[in-house]
Amino acid sequence: MALPAEPWRVHAARRWETLGPALRAQLSGAAPLRCCWRLLRPEDEALLRALCGRRGAGKEAAAACFYRQAGNARFRRGDFAAAAALYSKAVSHAAPGGPELPLCFANRSAALFRLQHPQACLEDIERALGQGYPAGLQPKVLLRKAECLLLLGRSRDAAQALSVAESRVAGDAGLTGGARRALLSQIEQLRAQAREREGDPAPVSAALDEAREGREPLEENSDLPGASSSVSLSFDASRGRHLVAARGILPGESLLSEEAFVSVLNPGERLLLPDGVETTWDTSIANEDLYCHRCLKPLLASVPCRGCSYAKYCSQECARLAWERYHRTECALGALLLTLGVFCHVALRTVLVAGFAEVSRLVKQAYGNDQEFHGAETGRKYADETPNSRSGREGPCEKGESPIPGCDGRGQYQTSYQAVFHLLPHAEKHSPEHKFLCCLSVVALCKRLQEAGLEATFLRQGSPESQRKGEACETVSAELEVLGEAMLRHMLQLQCNAQAVTGIQESGCGDGTVVNREQVRLATAFFPVLSLLNHSCNPTTSVMFSGTAVTVRASQPIPKGQEIFHCYGPHRCRMGAAERRQRLLSQYFFVCQCQACREELGSDITCIPSTTDTFCCPHCQASMQGEDLLQCSSGACALAVSRDHLSGRLQDLQGRVRRALELLKDDKLEEAVELLLMCLMDAKRFLSPKHMLMGEIEDHLARGYASLGKWQEAARHLQSSIRVVEACHGSSSVEMGHELFKLAQILFNGFAVSEALRTIQRAEEVLSVHCGSGSAQVQELKQMKACLLELPRNLLPRTENP
Ligand SMILES: [Zn+2]
Ligand SMILES: [Zn+2]
Ligand SMILES: [Zn+2]
Ligand SMILES: [Zn+2]
């Protein structure tokens, strides 16, 4: 998804094979883009057009109608959440001003009403009425409006809506007598309710909760806005830029708090249909339907872009800001950006947000003056031995430049285009084939920008001097070259500097007593301050996102003067040193020298169970080892089984666990639990007790039992799941925190007071470090604790008494 769609990647690789040695040499050089402008052929563009055609991002009235009817079918079955999601798809496909859009909004308002979201329902009703909802259908919608207003405590507004409804009924000659009487009697009933509640105080809004989720203020660092004064920025040849503790730091302290320079929502699976499949209107829901495309808030009732069916926002305000900052240009490119992948999209959005003047200034500074830029290759030198992958120096320091790259004239380093631009692209380390793919993609994008006349709009916005008339054609192509150069740089930077923005997706067990939290990848972003942190396989920080903002906290005590580390992905709890180093080298181009790696490689003992050896002996539980033929490692059993056989069993088991999960979702709890118990028995016969699937089965069982109100069984299975999580992620990991939180909820609901209190304490300790003591989860734990402590003694179960 980060890279372009597979057929385009394959096509580019084939083209690379056919290039002559001279061209290949040029492409391997420091300025590969220059020779690519004329390499884009009509057949390349034709392929891209075909790929885009499979996944249109335009408005389509027939699709809107299809999704609305699919929503109606779900609505009739009482599945209002699915209906609302389908109506949202319909809303996105309906053209503004057309007859379909108001119908879609009105239908969605009905689903939102049933889902008990009166405020969102009200907004959709206003949209439907504002878009010309047919007068004959209005009375019903106005009655719904009055009901929402009553729920929100706005009885006077409700009475007014009822008067409008009444006049519509009176003015509608097409109504039969029966229908008219029914409507009028409903109006009377609601009017009576409105009169009754006239004096009631308005309900308290949820604003307090939202404020609590906000970012904590930092004791600001004047050289490094966004960082706390407890850290300082350092630079040396071996480590590049890095952050150091300016004083002793305690676990849980906030170190950085940064808003992404740009972020692009990951569209989610299912977008790229396999070869030969015609475009169909897909009713499945992916990331792109679930989160605001600008601020990443979960979507309830999406506001569609007026121009395309792809972009969706949480509010009119987000839609407006996105349009002003970047979507004005991106809107017409929707399908192309989806085909070229998220990295290409981030690269484009970065230059759009930066503005042409700033892009041009930095490109010219980095690649020499105008003449050099358009002339011979600039013999740039890259720092070769920079162990840190993200932030080093490319070549010697220039006169008047701050000694630390990316800092502005005052020596400040902050979230800016300047800082993004100075992240290392490692241009010389990427394979020439990869660079060719990036070049070809960037050129294709630039060409589309030019054809659509979009680059002219963008250029005019960014730099007033390019508004000169009469020289448009020639100057634009030179300026487009600057843009292309910058976008290529960003695409190459992203391999090492892309930060995945994650969010917590919650799925309850129906009644809301126990909530499952799962981390999902939402977007890809540039965080230039976060990028200052070097990698360690045993990091000293924990990273949390709230929308497009990141907060970094210390996860361990960090003594004064010590470097602060963050983990780029390969963590010592999840894989062995050899595998971690291989991954870091291939993606980030450095050999990890962190303490964990040094210790592990020096000691010769593989204390971490490899994720590939997952099977155990059914007789003695020792691990099964070997290549194609696995043997019990204890030596006593003489058991040998083929790897294929065990892999087949594992696949079969995974299938059954998935089926059980479906049953859980459909509320067939007893059936699900029965199937899961059988899966567990089977799993114990051949899977290592530390296998993730083992933990998952136990976790699902806990969920099933909790939904059945069998708290003891639920707690027992969750404790088994927690042992697996602890083995895989460590006892103070955020994953462990989420599991402990679930266990606390189960014990709380099951009235196991002293055990609940102990678990709440542990969960609070772990989660405060990762999420901060003000986070919603920690607050909820505190409330549970207070509630348990207030219980009168005689209410406690007897076994709990000391
Ligand atoms: Zn938003
Ligand atoms: Zn759009
Ligand atoms: Zn390491
Ligand atoms: Zn054995």
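Brief remarks on what is shown
- Given their separation in residues at 0.36 nm each and the Cα-Cα distance between them, S586 and R195 gain 133.7 nm when the chain is fully extended.
- Counting beta carbons within 10 Å around each of V766, V482 and listing the fewest first gives the order V482, V766.
- Counting neighbouring beta carbons within 10 Å and listing from fewest to most, the residues L437, L650, L243, L86 come out as L650, L437, L243, L86.
- Cα-projected label distance for D667 with E188, points at 7 Å along beta-carbon direction, nm: 3.6
- W281-L250 pseudo-label distance in nm [points 7 Å out on the Cα-to-Cβ vector]: 5.9
- Once exposed loop trypsin sites (Lys or Arg not before Pro) are cut out (DSSP; at most 10 other Cβ, 10 Å), longest piece of the chain: 470-802
- By the helix-only formula, in which each DSSP H run with n ≥ 4 contributes -39500 (n - 2.57) and the sum is divided by residues, the chain has a 222 nm mean residue ellipticity of -16000 deg cm²/dmol.
- Vicinal HN-Hα couplings computed from phi for segment 624-629 (Karplus, 6.51 cos²θ - 1.76 cosθ + 1.60; Hz; Gly/Pro x): 9, 10, x, 8, 7, 10
- Taking L48, L664 and counting other C-beta atoms within 10 Å, the order from fewest to most: L664, L48
- At an R0 of 25 angstrom, the distance between the Cβ atoms of E259 and T457 translates into a FRET efficiency of 0.45.
- Amide H within-cut-off set for G248, under 5 Å, with H built and near neighbours excluded: K560
- Distance distribution note for the chain: the fraction of Cα pairs above 39 angstrom is 49%.
- Near A158, once Lys and Arg are set to +1 and Asp and Glu to -1 for all other residues with Cβ below 9 Å from its Cβ, the sum equals +3.
- Point-to-point label distance, Q621-S222, nm (Cα→Cβ direction, 7 Å offset): 6.1
Read the figures in this text as sums done on the coordinates, not as results from a lab. All of these numbers come straight from a predicted model, not from anything done at the bench. Positions of Cβ are generated from backbone atoms using ideal geometry, with glycine treated the same way; all protein chains shown enter the neighbour counts.
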